[in-house]
Amino acid sequence: MTTDSAHAPAATRTAESGARPADSRRTGAPRPRRRNGDTIAGYVFLSPWLLGFVGLTLGPMLASLYLAFTDYNLFTAPEWTGLENLTRMAEDDKFWSSVRITLIYVLVGTPIKLAAALAVAMLLNYKARGTGFFRSAFYAPSLIGASVSIAIVWRAMFSTDGPVDGTLNLFGINLGGWIGNPSLIMPMMILLAVWQFGAPMVIFLAGLKGVPAELYEAASVDGAKPWRKFISVTVPMLSPVIFFNLLLEMINAFQVFASAYIIGSGTGGPGGATNFYTVYLYTRAFANNQMGYASAMAWVLLLAVGVLAFILFRTSKNWVHYAGDSK
Amino acid sequence: MFRTLSRRTLTGVAALAATGLVLTGCGGGGDEPAALDTEEQITLNYTFWGNDDRAARYDQAITAFEEKFPNITINDTFTDYPSYWEKRQTEAAGGGLPDVMQFDYTYLRQYGDNGLLLNLEEYFDNGVTTDAIDESLLTTGKLEDGTFAIPTGYSAWSVFQNPGLLAEAGVEPYEGGTSWEDYNTYMAAVTEAGGGTVYGGTDTTQRIQDFELKLRQDGQELFTEEGELNFTQEELADHWKEGQENRDKVTVPQSKLEEINPVSGFGGNLTTSEMSWSNFLGGYLGDSGAEEITIVAPPTSNPDEKDLYRKVGLMQAASSSTEHPEAAAAFVDFLINSPEVGEIFGATLGIPASETQLEGANLEGPDKAVKDYLDSVEDRIGDSPAAPVAGFGAIEQTFWDLGKSIGLGSVTPDDAAQQFFDEASVTLGN
């Protein structure tokens, strides 16, 4: 037992702060009266958030966990069906196609988006006139990007004889409209996501500012070329930021909804090519009235993203270097 | 869309809290509903689906109603058809349906059987006048426990054509009511003359109504009396395969239609003809900006068969949880019967079901054309199919989505038929 040694400093500390040592010894954890008051006050201040969390997040989540094992059509009471939703999911071709579409979007889109964000962040890290303007300009798409109006504008831009098609025609590339073409809609969706690289860019920029200049100087003295400096100094020093952005963007990409819903007219069109996981979930829930199935899909997504995040965390030990690490 | 939803949800919650008290008071049974109070200030929420044209008409109708009932204020909102039902489903589950709603026959059973709609029968001849409404149309709103919606009017499946575009293409219009070969020849001629900008029509196998029409021409229905699918997977696959030749060479490419969605190919001036319900005429005029649109009978493989039917589409219904059932019934009555509303809407909600409204409608121009069309196909109009099964809305949408996917080449007719049957069996609960 290590109780005694653990308590010794605690007792000293409470003695210093003027509380009764006997009290702290009995409970095992030193909690002076004044602190108790603080705790209550703290919870009182926290209560608006706490109420919202329990009422609007935790409650619905638990409800959906229950519904995931039921057949619920919104009109009649849910009927317990056990694992039937999951077995149906396993045999549902449209479900697997939505998984495939979403994975392509995440696995292709996220790295491109991060690469673009990093590249622009490095450009903006140079001290030059007007960087403030460019920073805002590059960030702007992210501010408006998730909005419905942008998705509508993109629809128009990528239509037959729209600006994109027109420009490509000038170069002799005749692809026609992208919106109605099942094989071009995914590149367009990825482009739309990449275009909104502002948030990771700002974080990268902050990370770049934190890389000590002397490391670059030392590398220069050793005769390193820019590419070498990037690989051996920038990337390792930036790895915690890269990891953070990767995790966040991956989770966001899995949840893409608004743009896919607008561009695919809410039905996963054209030809099911924008039938993203969340769009399919929405269709099942609100167009087909299969709330139980949709709830099961939501939980499968949560677990899948959780597992992927866990894997990322495990691999991060090998490539993420924190300042002050002994490695 | 989410902003309006959340605001409505909030008012819904408030309304729900309030109706809890009202319901306990009214639920005693048997009592005569109270007469409409003309002193109390009442606000009713009303919602409908449609386009700007319809919204402008509703604005006028609501103004007329508010003049007649100065103590009642109507708050109206509208959306397009698919999101309309998505919102209603959520509200139905949360208990916050609007007081009065534009309703669809397709969803009647689902809502009516689950106690979500006000039984209007309690207000017959006591707020809602039914004398002027054609009996066969009135009964379409009837379920086992009462009458839960009243049709605004009726329509029938038809072929629309755009004479302006046809003149440009230099092709004679389709005369209507002849063989499918004639119609296909007509479409092919337009597409050839259109040079890739104008097409003769849209895939005539894409929608469930297309399939229903062909089934009825063979003396068959979509559903059995027990509400099960009345055709085989092979028959469906064959139906879709029949359209392949037209899809390859004649009808407007689906990729072009995806771009202009939710406007249709005909509404977007991409095609010179399209099959749809006859009450779409007003909407088509608005969407296309065409000066004139004509309406003729669909082609048929069997002229002796009564393949068409009077389709009750739009209805008006009230929520069972409304705080002001008398006011809601009065508004429904006004929308169904009043001559003013007839004058405002013409035939855009179908040819009015109520005689008084039909007289007020004073049909002229395009509306007259719809009425003339319906009169002209009298011989082909047979019995209406049984009330749509619960979940028909979802089945109809699935059919259309698959039809579009076939058009894009992303699924074969055989696979689509398989998917349709899988989906239908889940929806119909087999």
Problem set entry | segment A:109-180-segment B:58-130 distance, computed between alpha-carbon centres (Å) | 44
Exercise. What ranking of A:D71, B:D367, B:D415, A:D161 emerges when the number of other C-beta atoms within 10 Å of each C-beta is taken as an exposure proxy, fewest first?
Worked result: A:D161, B:D415, A:D71, B:D367
Seminar exercise, completed: From the cross-link list A:K229/A:K317; B:K68/B:K311; A:K94/B:K404; A:K127/A:K229; B:K311/B:K368, the entries with a Cα-Cα span beyond 24 Å are B:K68/B:K311
For this session: Taking the dipole about the Cα centre of the protein assembly as shown, with the C-beta of Lys and Arg at +1 and of Asp and Glu at -1, give me whichever of B:L36, A:T87, B:G176 is farthest to the positive side.
Result: A:T87
Exercise. Among B:D203, B:D248, B:D99, which one moves the most in a GNM of chain B with springs linking Cα atoms closer than 10 Å?
Worked result: B:D248
Problem set entry | Given 14 as the ceiling on other Cβ atoms within 10 Å, longest exposed-site-free region of chain B for GluC sites (Glu not before Pro) in DSSP loops | B:41-143
Exercise. Over chain B, what relative contact order in percent results from Cα pairs under 8 Å that are six or more residues apart?
Worked result: 24
Seminar exercise, completed: Most exposed first, judged by fewest Cβ atoms within 10 angstrom, A:H321, B:H239 run A:H321, B:H239
For this session: Classify the protein assembly as shown as rounded, prolate or oblate from the Cα gyration tensor: take a ≥ b ≥ c as the square roots of its eigenvalues, call it rounded if a/c is under 1.5, otherwise prolate when a/b beats b/c and oblate if not.
Result: oblate
Seminar exercise, completed: Rounded to the nearest 500, the 222 nm mean residue ellipticity computed for chain B from DSSP H runs (n ≥ 4, each -39500 (n - 2.57)) alone is -14000 deg cm²/dmol
For this session: Using the Kyte-Doolittle scale, find the helices of chain A whose mean hydropathy is at least 0.0 and whose Cα atoms extend 24 Å or more along the helix's long axis, counting only whole DSSP H runs.
Result: A:93-125, A:235-254, A:291-319
Exercise. For chain B, what is the percent of antiparallel DSSP beta bridges, rounded to the nearest 5?
Worked result: 60
Exercise. What is the antiparallel percent of DSSP beta bridges lying wholly in the protein assembly as shown, to the nearest 5?
Worked result: 65
For this session: Would you mind classifying segment A:85-319 by shape? Square roots of the alpha carbon gyration tensor eigenvalues, ordered a ≥ b ≥ c; an a/c under 1.5 is rounded, otherwise it is prolate if a/b is larger than b/c and oblate if not.
Result: oblate
Exercise. Mean residue ellipticity at 222 nm from the helices of chain A, using -39,500 (n - 2.57) per DSSP H segment of n ≥ 4 over the full residue count, to the nearest 500 deg cm²/dmol?
Worked result: -21500 deg cm²/dmol
Seminar exercise, completed: Per GNM of chain A with C-alpha springs under 10 angstrom, the most fluctuating residue out of A:L208, A:L50, A:L118 is A:L50
Exercise. Put +1 on the Cβ of every Lys and Arg and -1 on every Asp and Glu Cβ in chain A; which of A:Y139, A:W178, A:F69 then has its Cα farthest towards the positive end of the dipole?
Worked result: A:Y139
Exercise. Where the only charges are on Cβ atoms (+1 Lys, Arg; -1 Asp, Glu), what is the dipole of segment A:216-327 about its Cα centre, to the nearest 20 debye?
Worked result: 180
Exercise. So how do A:I144, A:I173 line up by other beta-carbon neighbours within 10 Å, fewest first?
Worked result: A:I173, A:I144
Problem set entry | Fluctuation leader among A:I231, A:I104, A:I263 - chain A, Gaussian network, Cα springs under 10 angstrom | A:I231
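Since every read-out is calculated from the coordinates, none of them should be taken as a lab result. None of the values given here were measured: they were computed from a predicted structure. Cβ atoms come from the backbone with ideal geometry, glycine included; neighbour counts cover every protein chain shown.
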